[in-house]
Amino acid sequence: MSSLLPEAHAAVLALADVFEPNIDDASINLTFSRLLRHMPIALWVVDSRSAAAAFDRLRAEGVEDIEAYLLEHPELVELACDTVMVSRANDAALRLIGQDDESYYPRSVRHMFEATPQAAVRVMTAHFNGLRTHVEELRINASGGRVVDVLFLVTYPRPPERLDVTFIIMVEITERLVAETQLRQLQADLAHASRVSTLGELASSIAHEVRQPLGAIILNGNTSIRWLDKPEPNLDKVRHLLERMVENATEATEIIDRIQGMASKRIPIRSRLSLNEIVDVALRFIHQESIQRNVAIRPSLGVDLPQVIGDRIQLQQVVVNLLVNAMHAIDHREGVGPRQIVVTTEHEVDGLITLTVADTGPGIAETHLDNLFDGFFSTKDDGMGMGLTICASIMRAHEGEITAANRADGGAVFSCRLPAAGDEATV
Ligand code: ADP
């Protein structure tokens with residue numbers, strides 16, 4: 001619970017040893033004043049015999065679940081708060097509650113539980129259940145309206161120990177709690193900041209992807225208007241341009257759907273799908289980026305492939321992730337050479353459909369091959385290390401698998417295998 005706990009706990013047990021059952025009152029007084037008074041840990045000695053006697057009566061009546069019983073009979077808790085007596089406290093205890101009056105004790109334990117009344121029930125429950133110690137964090141009222149957060153430890157006597165000597169130790173943890181609160185706030189701020197920056201990245205990627213079809217729509221729209229403004233409007237030309245505009249708008253909508261599908265936790269929709277169509281859409285999606293990065297993407301798609309069963313958006317996400325990673329890898333390659341990605345689909349004999357994405361990047365370091373699919377594994381300065389983790393989890397959800405390897409002539413190749421759809425129904 002707390003790093004202070006073992007220390008304080010050891011102190012309590014050591015104290016229990018000090019008070020041998022056969023030590024008389026006079027020697028307790030002596031020991032207390034000599035040994036415990038100046039101890040730097042706040043200590044109270046409590047006589048809880050009245051509670052112990054009440055517990056004996058309740059046990060005789062057959063009460064077993066004391067917590068439930070006390071919650072039903074709060075008057076018993078009140079009575080204990082008044083009759084269980086603190087017989088003395090050391091200097092550190094008086095300082096902790098802000099008391100400079102040495103005759104403040106003896107008095108009942110009520111003041112200890114004023115700020116956290118439920119703690120009295122828990123302390124009594126532990127006593128009834130015969131526990132040796134009970135520990136919890138609670139708040140106590142101190143003088144001047146101050147409230148102090150403490151780690152509260154109580155150790156109960158067991159026969160043949162002196163039954164009028166229950167120890168209570170408190171360690172102030174106000175500063176620790178303040179530090180913890182500040183830390184939590186800091187973590188929340190950082191999480192917020194990183195969400196904001198992720199949102200910023202997402203927004204700029206949406207802007208980047210959608211700008212291209214929107215630009216085409218504007219261009220085709222303006223050209224259409226010019227054709228219409230001519231003395232003899234060329235309606236065929238305008239119709240053709242309008243068709244292109246519809247295509248561009250559809251493309252923009254698909255991009256938004258895809259990004260929305262990636263960002264939201266949508267429920268996967270399973271249907272029969274053509275893997276080649278999935279690759280087609282993914283290629284259209286990254287077309288613009290591949291031009292900007294000067295990477296040639298060569299599809300080599302199998303003919304008459306059986307369908308697969310799965311979620312269209314998720315499988316598109318896998319292909320797009322692999323293509324984007326491949327483009328990044330090529331960008332990070334040193335030296336000259338072909339900047340090329342080959343995307344292959346084929347039907348393996350054993351009823352599996354395979355998709356491979358092979359690039360001419362630097363390949364994968366042997367030491368990284370085992371970690372690529374681990375969450376947050378990234379070799380990029382700005383990498384999240386989640387892309388391949390998500391791909392692997394999508395493949396698993398499709399009863400498939402994804403593996404990575406290096407190509408003999410350089411570059412990496414990622415292979416996804418999915419079972420070919422049989423006659424089963426889809427949902
Ligand atoms: P991120 O791209 O954010 O780093 P990923 O999960 O997509 O996270 O990839 C994890 C790591 O796998 C990358 O940082 C990179 O080191 C490696 N990797 C992924 N794809 C390739 C590839 N085509 N060639 C070489 N290394 C790759």
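Rounded to whole Å, the principal axis extents of the Cα atoms in segment 131-188 read 52, 29, 11, largest first. Quotient of the Cα radius of gyration of segment 23-177 and 2.2 N^0.38 Å, N being its number of residues: 1.03. The value given for segment 264-317 is a Kirkwood hydrodynamic radius of 12.6 Å, derived from the mean inverse Cα-Cα separation. Here segment 280-396 is described by how far its Cα atoms reach on the three principal axes: 39, 30, 25 Å, from widest to narrowest. Among 39-46, 416-423, 385-392, sorting by the average number of other beta carbon atoms lying within 10 angstrom of each residue, highest first, gives 39-46, 385-392, 416-423.
Annotation: per residue accessible area for segment 39-179 equals 47 Å², rounded to a whole number [probe 1.4 Å, protein chains only]. To the nearest 10, the accessible area of Lys237 is 90 Å² with a 1.4 Å probe.
The candidates Tyr156, Tyr69, arranged from most to least accessible area with a 1.4 Å probe in the full protein assembly, appear as Tyr69, Tyr156. Contact order, relative form, for segment 247-386: 22 percent (alpha carbon pairs under 8 Å, 6 or more residues apart, mean separation divided by residue count).
The values are calculated or read from the model by the stated rules, or taken from the named source; none is laboratory data. Given the structure is predicted, the values throughout are model-derived calculations rather than measurements. Note: ideal-geometry Cβ built from the backbone for every residue, glycine included; neighbour counts use all protein chains shown. All accessible areas refer to the heavy atoms of the entire protein, side chains included, with ligands and DNA or RNA removed. Shrake-Rupley method; radii C 1.70, N 1.55, O 1.52, S 1.80 Å.
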